[in-house]
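The values are calculated or read from the model by the stated rules, or taken from the named source; none is laboratory data. Quick caveat: nothing in here was measured; it's all calculated off a predicted structure. Glycine also receives a Cβ, built like all others from the backbone with ideal geometry; neighbour counts cover every protein chain displayed. Note: areas computed on protein heavy atoms with side chains; ligands, DNA, RNA excluded. Shrake-Rupley method; radii C 1.70, N 1.55, O 1.52, S 1.80 Å.
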Amino acid sequence: MELMEKAILSAWTSFKGVSTESATHQYMELVKQWAVYPCAVYDVTQTRNLDWPTECWVCVRYSGLSVHERHNRVPLATYPNKSIKSFGALVSRTFKVEVEGGQIVEFIPKQVQEIARLMNRYISNVQVRS
């Protein structure tokens, strides 16, 4: 996350001399273009897919979950909430997500309970609307 903070600071610095209102507006227009907006971003160690890097971001949003190479806004994979069949923490703090078609995503996050609560809240809302 440190690199992301530096990138944000750098973006804000580029607005030097611009009014606060204008800088905020321009910055938010830029942020809205990112694939990870709006979502909660977690640094994780990905443990399942050999084609993906080990160090990833898991992004949880109202519409689903995506996995990104760290510091890359283009997702390696995106899973809509409706396609998520099960999820939860396993032994050794490994978090497992199973999606339609039997695909499994496993990762080790620092915020296991936070991710589980957020996913549960979002997926529950999808089920209520269905």
Might you tell me the accessible area per residue for the chain, computed with a 1.4 Å probe and given in Å²?
63 Å²
Take the Cα pairs of the chain, get the Kirkwood Rh, then feed it into Stokes-Einstein at 10 °C and 1.306 mPa s and tell me D in µm²/s.
99 µm²/s
Tell me the angle of helix 2-13 to the major Cα principal axis of the chain, expressed in degrees between 0 and 90 and rounded to the nearest ten.
30 degrees
Relative to the first principal axis of the alpha-carbon coordinates of the chain, what is the inclination of helix 112-129, with its axis defined by its Cα atoms, in degrees from 0 to 90 and to the nearest 10?
80 degrees
Tell me the angle of helix 20-31 to the major Cα principal axis of the chain, expressed in degrees between 0 and 90 and rounded to the nearest ten.
30 degrees
Report in % the part of the accessible area of the chain that belongs to carbon and sulfur, leaving out ligands and nucleic acids; probe 1.4 Å.
53 percent
Let me make sure I get this right: for the range 1-45, a, b and c are the square roots of the gyration tensor eigenvalues over alpha carbons, sorted descending. Under 1.5 in a/c it's rounded, otherwise prolate if a/b > b/c, else oblate. Which is it?
oblate
With Cα springs under 10 Å, the Gaussian network model of the chain assigns the largest mean-square fluctuation among V41, V60, V74 to V74
Report the equivalent ellipsoid semi-axes for the range 57-130 in whole Å, largest first, defined as the square roots of five times the eigenvalues of the gyration tensor built from alpha carbon atoms.
18, 15, 12
The chain: longest segment with zero exposed trypsin sites (Lys or Arg not before Pro), where exposed means DSSP loop plus at most 11 other C-beta atoms within 10 Å, is residues 33-109
Provide W52, W34 ordered by accessible surface of protein heavy atoms (probe 1.4 Å), highest first.
W34, W52
